Amino acid sequence: MLVAPHGGRLTDRQVHGNNADGLVREVSALPRLTLNGRERNDLEMIGSGAMSPLEGFMNAADYSSVVDLMHLTSGPVWPLPVVLSVKPGDPTVQTGDRAALVDTDGTIWGDIEVEDVFTADLMDEAAKTLGTTDDSHPGVQYLKGLSGRYIGGKVRSIRRKELEDFPEYRLDPKETRVLFRARGWRTVVAFQTRNPIHRAHEYIQKCAMEIVDGLLLHPLVGETKEGDIPADVRMRCYEVLLDGYYPSTRVAMSVFPAAMRYAGPREAVFHALLRKNYGCSHFIVGRDHAGVGSFYGTYDAQMIFDRFDPDELGIIPLKFEHSFFCSKCGGMATPKTCAHEAEFRIFLAGTKVRAMLKEGVMPPPEFTRPEIAKILMDAERGVDR
Amino acid sequence: MKGLVIWVRGATGPDESILDAIGTVISERGGRVEVFHSEAAGSLGIEADEKAKAAACAMLARHGVVVLAGSNEACGATGGDELEIREIALEDLAGDLAHGEFMRKLELAGLVPPPKHDVHPEEEKEILERLRELGYLD
């Protein structure tokens with residue numbers, strides 16, 4: 001039996017097909033609230049059950065409870081706010097109203113039954129959830145662009161397959177759960193990534209695969225910050241790697257349509273809980289998971305898991321130290337398994353790798369497989385596929 | 001599943017069917033359930049004694065039973081350290097949606113397990129078909 005969803009069962013706030021057409025007709029005359037990119041991603045995740053037990057954007061009570069205590073008022077652990085902000089030009093809504101949820105192009109993506117409209121102290125939110133109010137943090141920049149008013153309430157989300165990226169890789173939690181059962185997997189480890197896949201990632205994934213039935217490679221394809229490698233480039237890298245180096249019966253890849261929040265430790269817990277909803281029993285937490293710049297300690301995102309009772313998390317974090325190729329060991333290793341000095345360890349910082357790729361210099365094969373380096377190099381240099 | 005007392009205020013006489021309905025759901029999920037009908041309270045001679053009814057329910061709950069009982073007024077019972085007690089008014093359970101929301105609250109509080117199947121069998125067939133089309137399954 002697979003791990004239970006967070007809060008016990010998958011929520012389902014998604015509307016498909018003819019029902020979706022009906023919902024669009026039904027809500028098109030309602031007041032329209034605008035979703036930004038992150039909120040659009042969140043709406044999709046709530047709709048599909050990936051954010052179970054959430055059934056909508058948080059009300060004031062849940063928001064405060066999550067910011068201050070990392071728990072929903074109903075009990076389950078929840079580390080980050082999932083909120084809908086009031087935008088300039090939005091119509092005034094109040095408790096009991098219904099409103100359509102539209103993107104900046106005016107496309108209807110769902111509706112909300114307004115439960116409350118409340119004021120939030122955004123810098124308090126930043127300090128508690130991101131651990132900083134520094135303007136150079138992308139999460140702080142995001143919050144500073146908001147109005148400070150949030151709208152809470154249950155939502156319905158319209159599935160618009162025709163507008164989705166990577167349709168062949170889009171599996172909802174229900175679908176991954178059916179897939180895992182059909183493959184006979186009981187234990188599944190998820191790997192979250194927003195970066196290209198290097199040998200170090202491959203190594204920790206394969207270490208994890210030794211102790212579970214299957215691997216869900218689950219790249220994040222929602223909103224990321226400027227400068228991150230585009231999702232389509234990353235997907236091509238994963239495809240090449242899976243085709244050439246992984247046993248197809250023990251790996252599945254699908255996309256994770258969440259937005260990055262760069263919230264480090266709290267986001268690591270968030271990522272883990274959402275993967276539990278997809279049916280994963282284990283979650284890989286590497287160095288500086290969901291971090292940015294030097295805002296978080298290298299292993300802060302691992303240590304935060306120790307603050308919770310394992311039963312209330314319901315997913316096991318697999319904590320890996322940074323891995324590298326050791327020329328003396330003749331293989332991949334981590335400081336836990338290799339005693340050799342730094343001079344034998346091949347490890348390159350992401351910025352250094354990107355500079356090399358831009359200049360057309362291949363990183364060492366011990367760091368990145370040449371097929372992957374070629375894709376990344378072409379992307380950095382603007383060469384078409 | 002640990003013991004629990006659920007008092008439904010206003011659910012007496014004919015309205016006790018709601019107790020049976022909730023009891024059936026909890027029982028299907030593996031709970032040991034006792035619906036404490038007014039008839040049972042009457043046979044013990046305690047139908048008008050809310051305190052005695054609360055004590056009887058608590059005794060059962062301490063042995064892992066989920067007890068559902070109707071009451072004409074707020075029962076005011078407290079569970080002490082060990083015992084979970086939930087109280088809800090009958091009118092707040094009206095309709096399938098409200099009933100479902102109450103069950104959901106119990107689930108989220110870890111008092112009642114969720115349903116065993118997360119996907120309806122018909123939907124599962126459709127999903128399997130899609131997974132085959134996408135190449136995830138042979």
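The values are calculated or read from the model by the stated rules, or taken from the named source; none is laboratory data. Note that the coordinates shown come from a computational prediction; the quantities given were computed from them, not determined experimentally. Don't worry about glycine lacking a Cβ; one is built from the backbone with ideal geometry, like all the others, and counts go over all protein chains shown.
With respect to A:Ile304, is the statement that it is assigned to a helix (DSSP H, G or I), touching a helix residue (DSSP H, G or I) at 6+ places or on another chain (Cβ under 8 Å) and either in the same structural domain as A:Ala259 (by TED's automatic domain parsing) or surrounded by fewer than 19 Cβ atoms within 10 Å (Cβ to Cβ) (or both) true? Considered against the rule, which asks whether it is assigned to a helix (DSSP H, G or I), touching a helix residue (DSSP H, G or I) at 6+ places or on another chain (Cβ under 8 Å) and either in the same structural domain as A:Ala259 (by TED's automatic domain parsing) or surrounded by fewer than 19 Cβ atoms within 10 Å (Cβ to Cβ) (or both), A:Ile304 comes out as yes. All conditions but one from (1) surrounded by 20 or more Cβ atoms within 10 Å (Cβ to Cβ); (2) outside any strand (DSSP E or B) apply to A:Ala99; the one that does not is (2). Across region A:114-131, the qualifying residues are those that are charged (D, E, K, R) and more than 14 Å from A:Met58 (Cβ to Cβ), and the one among them that is surrounded by the most Cβ atoms within 10 Å (Cβ to Cβ) is A:Lys128. If you go through region B:14-37 and pick out every residue that is of a type outside the set (A, V, I, L, M) and not in a helix (DSSP H, G or I), you end up with 7. Scanning region B:38-49 for residues that are hydrophobic (A, V, I, L, M, F, W, C), surrounded by fewer than 17 Cβ atoms within 10 Å (Cβ to Cβ) and not in a loop (DSSP other than H, G, I, E, B) returns a single hit, B:Ala40. Summed over region A:68-79, the residues that are surrounded by fewer than 21 Cβ atoms within 10 Å (Cβ to Cβ), away from chain B (no Cβ under 14 Å) and assigned to a loop (DSSP other than H, G, I, E, B) give a count of 1. The condition of being modelled with pLDDT of 95 or more and under 23 Å from the mean Cα position of the chain (by Cα) does not hold for A:Lys161. Residues in region A:244-301 that are among the charged types (D, E, K, R), part of a helix (DSSP H, G or I) and either in contact with a Lys or Arg (Cβ under 8 Å, 6 or more places away or on another chain) or free of Cβ contacts under 8 Å to residues at least 60 places away in the same chain (or both): A:Arg250, A:Glu267, A:Asp300. Within region A:162-176, the residues that satisfy the criterion of being of a type in the set (D, E, K, R) and within 11 Å of chain B (Cβ to nearest Cβ) are A:Glu168, A:Arg170, A:Asp172, A:Lys174, A:Glu175.
Conditions (1) surrounded by fewer than 23 Cβ atoms within 10 Å (Cβ to Cβ); (2) among the polar types (S, T, N, Q); (3) outside the structural domain of A:Leu313 (by TED's automatic domain parsing), marked per residue:
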site	(1), (2), (3)
A:Leu216	no, no, no
A:Cys237	no, no, no
A:Gly244	yes, no, no
A:Ala252	no, no, no
A:Ala259	yes, no, no
A:Asn277	no, yes, no
A:Ile284	no, no, no
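Tally time: how many residues in region A:8-44 are touching a Phe, Trp or Tyr at 6+ places or on another chain (Cβ under 9 Å) and under 30 Å from B:Glu107 (Cα atoms)? Counting residues in region A:8-44 that are touching a Phe, Trp or Tyr at 6+ places or on another chain (Cβ under 9 Å) and under 30 Å from B:Glu107 (Cα atoms) gives 6.
Condition first: out of contact with any strand residue (DSSP E or B) (no Cβ under 7 Å at 6 or more places or on another chain), at the interface with chain A (Cβ under 10 Å from one of its Cβ atoms) and in contact (Cβ under 8 Å) with a residue 60 or more places away in the chain. Can you find one or more residues in region B:115-137 that meet it? Yes, region B:115-137 has at least one match. For region A:1-46, filtered to residues that are more than 14 Å from every other protein chain (Cβ to nearest Cβ) and assigned to a loop (DSSP other than H, G, I, E, B), the residue that is surrounded by the fewest Cβ atoms within 10 Å (Cβ to Cβ) is A:Ala29. Considering region A:177-188 alone, what residues qualify as being in contact (Cβ under 8 Å) with a residue 24 or more places away in the chain and either in a strand (DSSP E or B) or within 7 Å of chain B (Cβ to nearest Cβ) (or both)? Result: A:Arg177, A:Leu179, A:Val188. Tell me the residue from A:Gly139, A:Gly106 that is in a helix (DSSP H, G or I), out of contact with any Asp or Glu (no Cβ under 6 Å at 6 or more places or on another chain) and under 29 Å from A:Arg170 (Cα atoms), please. Testing whether each residue is in a helix (DSSP H, G or I), out of contact with any Asp or Glu (no Cβ under 6 Å at 6 or more places or on another chain) and under 29 Å from A:Arg170 (Cα atoms) leaves just A:Gly139. Selection of region B:84-138 for residues being crowded, with 17+ Cβ neighbours inside 10 Å, over 14 Å from the mean Cα position of the chain (by Cα) and modelled with pLDDT under 85 yields B:Asp118, B:Val119. Of the residues making up region A:64-94, those that are farther than 19 Å from A:Gly148 by Cβ and hydroxyl-bearing (Ser, Thr, Tyr) are A:Thr73, A:Ser74.
Answer yes or no as to whether A:Val140 is away from chain B (no Cβ under 14 Å), of a type in the set (A, V, I, L, M, F, W, C) and in contact with a Lys or Arg (Cβ under 7 Å, 6 or more places away or on another chain). For A:Val140, the condition - away from chain B (no Cβ under 14 Å), of a type in the set (A, V, I, L, M, F, W, C) and in contact with a Lys or Arg (Cβ under 7 Å, 6 or more places away or on another chain) - is not met. Taken as a whole, the condition of being assigned to a helix (DSSP H, G or I), surrounded by 15 or more Cβ atoms within 10 Å (Cβ to Cβ) and aromatic (Phe, Trp, Tyr) does not apply to A:Phe191.
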